[in-house]
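Below: one structure, written as structure tokens.
The values are calculated or read from the model by the stated rules, or taken from the named source; none is laboratory data. Keep in mind that this is a model prediction, so the values were computed, not measured. All Cβ positions, even for glycine, are placed from backbone atoms using ideal geometry, and neighbour counts span all protein chains on display.
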Amino acid sequence: MKNTFRNIELLAPAKDKATAFAAIDCGADAVYVGAPSFGARKNAANSLKDIEEIVNYAHKYFAKVHVTLNTILTDKELEEAFKMANNLSDIGIDALIIQDMGLLEKFINKLTSQKGLSLPQIHISTQCDNYLKEKIKFFNDIGVTRVVLARELTVEQIKEIHNFCPNLELESFIHGALCVSMSGQCYLSQFIGGRSANRGECAQPCRKMYDVIDDNGNVIKKNIYPLCLKDFNGSKHIEELIDAGISSFKIEGRLKDINYVKNITAYYRKLLGKGTSSGMSKYSFEPNPEKTFNRGFTDYFLKGRTECFNMESPKSRGEYIGVVKKIGKDYFEVKTSKTLHPQDGLYFNDNGCLINKAEKNENIVRVYPNKKVSLSLNDKIYRNLDTEFEKELSKPVKRQIGVNLIYKNNVITLIDEDNIQVKHSVSFNEYANNPEKMKETYIKQLSKTGESDFYVSDIKICDTKLPFMPVSEINQLRRKLFEELMQKRIETYDKNKKYQSPMKHTQYFLSEVDYRANVYNETAKNFYENSNAKVCEYAFEKNTPKRQVSLMRCKHCIKYALNMCKSPKNISIKDSKGVVYPLKFNCKNCEMEVLTPNT
């Protein structure tokens, strides 16, 4: 793999300010955070004050801040969201991620009516179901900056989209949890309990247990998780995705804890090398995605259909440890090369335990669990909590920007890795009697960047005669130089910051749209009408269709997972309350739909 992908952005999630800072420290080129409200993760909202602090911190490293306003909105909420977008613009965010076409309509009108306006770049959320190249071309023709692609696309489909829209930024998911339904096209949570995925309230019914049954009610598979997917890991396909036209890799996880974000961000930073931002991060840990939350990994559809499902459990299984070789009265033994620790968490058979004590003898570890467990010989054991690794992750990570320092003609010049410079003349009363010793002192003291935002990669002292200067004055001069350099970096970032280009209405690729367009307000309806598309019905959340409709549209297929592709049987899933959801299979396109129950 190449050592660096200089123009590729690594985009990390953050549920709060502390996590955003940690993601940036670990090398993220950008972070995405929830707005105070109207983000697709309701429990990951941030105040305007916190977002402003994140912006100020990120911009030091030329890293960006994207803010999610990606729920569908009522008419009243639309006005609130538009006002919030303006406030976010004022505090200097780099991009707004949106789903509601009413909000897009208001941005188009504002950019059209107010010439020279500086508006954050507009990114179209994956919640807009950005799967068809015709739809993505539509957003490209409107003039948005970026489209976040659907997770279900193959590398070849992405390449085709890029060739269709060569100047459009394309963002791809690279790691994290997968929605089984195509984003924006999931209404199961809304149907069951009124908690809309499109409004940031998903109850995750896809992670629940169901029976798979046939038309006669006969059970094909009982008590499984037929809609549960493994977690996505596209790390083996980075170069292919870049060649296909991806400009940003997005890590999923705005509800994940800070250690997860640190580990996964550091992992992809090491794979990608130098990114679009500045600085170098030093870790006390070796990044390993197996050691933090995962349900097993899949590359989903990047190279075609694979075993992307985990019907055993929605729980985190973590890293593979080994198999059970002996079962005692209050212990069991695992064949493994790994070292286990007290209070480590183990996963097996949709269950688990903590370790009270672990005794290792060559490649056998005797585990004394904290509770009685049900195991059989050769059962697979995983570790989903590595206490020693978590301790390492908890240690602070420092990100610093490289600086070269030149002392010549009694002028100190600092040049950072982005070629930003500051200069300072050294005032003095006398030359040092011992210039060699003075030179050593200069080098020693000017190199002491400590916990600042910089590190000195090289110092050149070109003068043979050097002014005498006490250590305290050299330190004061160093601090002043670095303060001036950081101030100039911020000024440079603000000067070169990119804003949203003017946008315009264009012809929609369909002549009419139904509930799946998620039209929740009148302005969104106007948007489609201005795009010459008739709105036949409002969003599912506003008016539930009276006919049988699709609650989920999935590339994952239960028939395929159960090896029933050639079976003529119609199958359904039945939940714990006895509600039966018919499944519809489009075998030509290898897709599955979960339908509303028959009435």
**OP:** Tell me, yes or no, whether the stretch 471-490 has at least one residue that is basic (K, R), part of a loop (DSSP other than H, G, I, E, B) and either touching a residue at least 24 places away in the same chain (Cβ under 8 Å) or in contact with a strand residue (DSSP E or B) (Cβ under 7 Å, 6 or more places away or on another chain) (or both).
**Re:** no
**OP:** Looking only at the stretch 166-188, decide whether some residue is assigned by TED's automatic domain parsing to the domain that holds Y32, surrounded by fewer than 22 Cβ atoms within 10 Å (Cβ to Cβ), farther than 26 Å from R547 by Cα and among the polar types (S, T, N, Q).
**Re:** yes
Original post:
Could you list, in sequence order, the residues of the stretch 551-583 that are farther than 16 Å from Y210 by Cβ and in contact (Cβ under 8 Å) with a residue 12 or more places away in the chain?
Top reply: R553, K555, Y560, C565, K569
**OP:** Residues being within 16 Å of G39 (Cα to Cα), of a type in the set (V, I, T) and not in a loop (DSSP other than H, G, I, E, B): count how many of those fall in the stretch 58-114.
**Re:** 5
Original post:
Is it fair to say K325 is surrounded by 15 or more Cβ atoms within 10 Å (Cβ to Cβ) and over 24 Å from L255 (Cα atoms)?
Top reply: yes
Original post:
Of the numbered conditions (1) buried (at least 22 other Cβ atoms within 10 Å of the Cβ); (2) within 26 Å of the chain's Cα centre (by Cα), E105 satisfies every one except a single condition; which is it?
Top reply: (2)
**OP:** Would you check if there is a residue in the stretch 38-46 being modelled with pLDDT of 95 or more, among the hydrophobic types (A, V, I, L, M, F, W, C) and either touching a helix residue (DSSP H, G or I) at 6+ places or on another chain (Cβ under 9 Å) or outside any loop (DSSP other than H, G, I, E, B) (or both)?
**Re:** no
Original post:
Out of all the residues in the stretch 554-563, is one or more more than 29 Å from L510 (Cβ to Cβ) and exposed (fewer than 14 other Cβ atoms within 10 Å of the Cβ)?
Top reply: yes
**OP:** Return yes or no: is L78 more than 14 Å from R199 (Cα to Cα) and surrounded by fewer than 24 Cβ atoms within 10 Å (Cβ to Cβ)?
**Re:** no
Subject >> Qualifying residue in the stretch 226-235 (condition: over 27 Å from K303 (Cα atoms) and either in contact with a Phe, Trp or Tyr (Cβ under 6 Å, 6 or more places away or on another chain) or assigned to a loop (DSSP other than H, G, I, E, B) (or both)) >> reply: no
Original post:
Considering the stretch 452-475 alone, what residues qualify as being exposed (fewer than 13 other Cβ atoms within 10 Å of the Cβ) and closer than 18 Å to L405 by Cα?
Top reply: D458, K460, C462, T464, K465, V471
**OP:** Take the stretch 258-279 and flag every residue that is modelled with pLDDT of 95 or more and either not in a helix (DSSP H, G or I) or not assigned by TED's automatic domain parsing to the domain that holds A44 (or both).
**Re:** T276, S277, S278, G279
**OP:** Just name the residue that is surrounded by the fewest Cβ atoms within 10 Å (Cβ to Cβ) out of those in the stretch 255-265 that are within 26 Å of A203 (Cβ to Cβ) and among the charged types (D, E, K, R).
**Re:** D257
Subject >> Any chance Y538 is aromatic (F, W, Y) and not in a loop (DSSP other than H, G, I, E, B) >> reply: no
Original post:
Given E201, E156, E160, which one is touching a Lys or Arg at 6+ places or on another chain (Cβ under 8 Å), in contact (Cβ under 8 Å) with a residue 12 or more places away in the chain, surrounded by fewer than 22 Cβ atoms within 10 Å (Cβ to Cβ) and over 28 Å from S501 (Cα atoms)?
Top reply: E201
**OP:** Could you tell me which residue of the stretch 401-415 is nearest to I474 (Cα to Cα), considering only residues that are in contact (Cβ under 8 Å) with a residue 60 or more places away in the chain and crowded, with 19+ Cβ neighbours inside 10 Å?
**Re:** I412
**OP:** Scan the stretch 182-205 residue by residue and report those that are aromatic (F, W, Y) and over 24 Å from L132 (Cβ atoms).
**Re:** F191
Subject >> Complete set of residues in the stretch 30-59 that are touching a residue at least 40 places away in the same chain (Cβ under 8 Å), over 15 Å from I98 (Cβ atoms), touching an Asp or Glu at 6+ places or on another chain (Cβ under 8 Å) and surrounded by fewer than 19 Cβ atoms within 10 Å (Cβ to Cβ) >> reply: K42
**OP:** Sort through L302, L340 and tell me the only one that's under 25 Å from the mean Cα position of the chain (by Cα), surrounded by 18 or more Cβ atoms within 10 Å (Cβ to Cβ) and among the aliphatic types (A, V, I, L, M).
**Re:** L302
Subject >> Which listed residue is touching a Cys at 6+ places or on another chain (Cβ under 9 Å) and in contact (Cβ under 8 Å) with a residue 12 or more places away in the chain, from K371, K360, K398 >> reply: K371
**OP:** Go through the stretch 60-96 residue by residue and tally those that are small (G, A, S), farther than 26 Å from M280 by Cβ and in contact (Cβ under 8 Å) with a residue 60 or more places away in the chain.
**Re:** 0
**OP:** Please state which one of N384, N419 is at pLDDT 95 or above, within 42 Å of the chain's Cα centre (by Cα), more than 30 Å from K325 (Cα to Cα) and not in a helix (DSSP H, G or I).
**Re:** N419
Subject >> Residue in the stretch 266-275 that is surrounded by fewer than 20 Cβ atoms within 10 Å (Cβ to Cβ), of a type in the set (G, A, S) and touching a Lys or Arg at 6+ places or on another chain (Cβ under 8 Å) present >> reply: yes
